[in-house]
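Below is one structure, written out as structure tokens; comments come after it.
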Amino acid sequence: MLDVTPLADLARSRRLRVAVAESLTSGALASAIGAGPEASTWFGGGIVAYLSEVKERVLGFPADADPTSAACAEQLARGARELFDADLCVSTTGVGGPDAEDGHPAGTVFLGWATRDEVGHQRLDLDGDPEDVLDSTVEAAIELLIAHAERTEGVGER
């Protein structure tokens, strides 16, 4: 189990509400974060949007866009940040493998992030079997949350 204590400490001290949007990781990221210290005080929640139609309807992802892309990762993070009224949100999308999908090799992963003021992404090109890709994605997403939590201030009580 990943240690999310550094994220929990930052979220509490900076009064952040954190959320996640997951496609590739199917809830593994939310599960890891929800196990963090006092998660009920800072973790707003997560959404698993695996089907494209769910990404479209719930998180505002355009129907004609590539689900394994920076644009998808950014929109998932933006949509979930708004849905959960969070200060910081990270999303996961990509190809876990073992085979390529829609022209993307296995291990192609995009993480999206959104704050109230900024949106961005990070591309990962991971090796290994599907379980390795998922584990590495969750770890990288938590690291990304920590990096952004260090420079994000929360709005506090809602």
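In this structure, does ARG15 turn out to be in contact (Cβ under 8 Å) with a residue 60 or more places away in the chain and under 20 Å from ALA149 (Cβ atoms)?
On the way: in contact (Cβ under 8 Å) with a residue 60 or more places away in the chain: yes; under 20 Å from ALA149 (Cβ atoms): yes.
It is true that ARG15 is in contact (Cβ under 8 Å) with a residue 60 or more places away in the chain and under 20 Å from ALA149 (Cβ atoms).
Just one of the listed residues (ALA73, ALA77, ALA35) is under 19 Å from ARG151 (Cβ atoms) and among the aliphatic types (A, V, I, L, M), namely ALA77. Of the residues examined, GLY79 is not one that is touching a strand residue (DSSP E or B) at 6+ places or on another chain (Cβ under 8 Å) and farther than 13 Å from GLY112 by Cβ. Scanning for something charged (D, E, K, R), surrounded by fewer than 18 Cβ atoms within 10 Å (Cβ to Cβ) and either part of a helix (DSSP H, G or I) or on the phi > 0 side of the Ramachandran plot (or both), does the stretch 5-12 turn up at least one residue? For the stretch 5-12, residues charged (D, E, K, R), surrounded by fewer than 18 Cβ atoms within 10 Å (Cβ to Cβ) and either part of a helix (DSSP H, G or I) or on the phi > 0 side of the Ramachandran plot (or both): present.
Being part of a loop (DSSP other than H, G, I, E, B) and buried (at least 24 other Cβ atoms within 10 Å of the Cβ) is not true of THR92. The residue that is farthest from CYS72 (Cα to Cα), among those in the stretch 132-158 that are of a type in the set (S, T, N, Q) and outside any loop (DSSP other than H, G, I, E, B), is SER136. Residues in the stretch 99-131 that are in contact (Cβ under 8 Å) with a residue 12 or more places away in the chain, over 16 Å from the mean Cα position of the chain (by Cα), part of a loop (DSSP other than H, G, I, E, B) and over 15 Å from THR68 (Cα atoms): ASP127, GLY128, ASP129.
Looking only at the stretch 21-57, residues that are among the β-branched types (Val, Ile, Thr) and part of a helix (DSSP H, G or I) come to 3 in all. Filtering the stretch 31-50 to residues that are buried (at least 21 other Cβ atoms within 10 Å of the Cβ), under 19 Å from ASP85 (Cα atoms) and free of Cβ contacts under 8 Å to residues at least 40 places away in the same chain leaves TRP42, PHE43, GLY46, ILE47, ALA49.
Here, each number is a calculation from the coordinates, and none is a lab measurement. Note that the structure is a prediction, hence the values are computed from the model and not measured. Neighbour counts run over all protein chains shown; Cβ positions are idealised from the backbone, glycine included.
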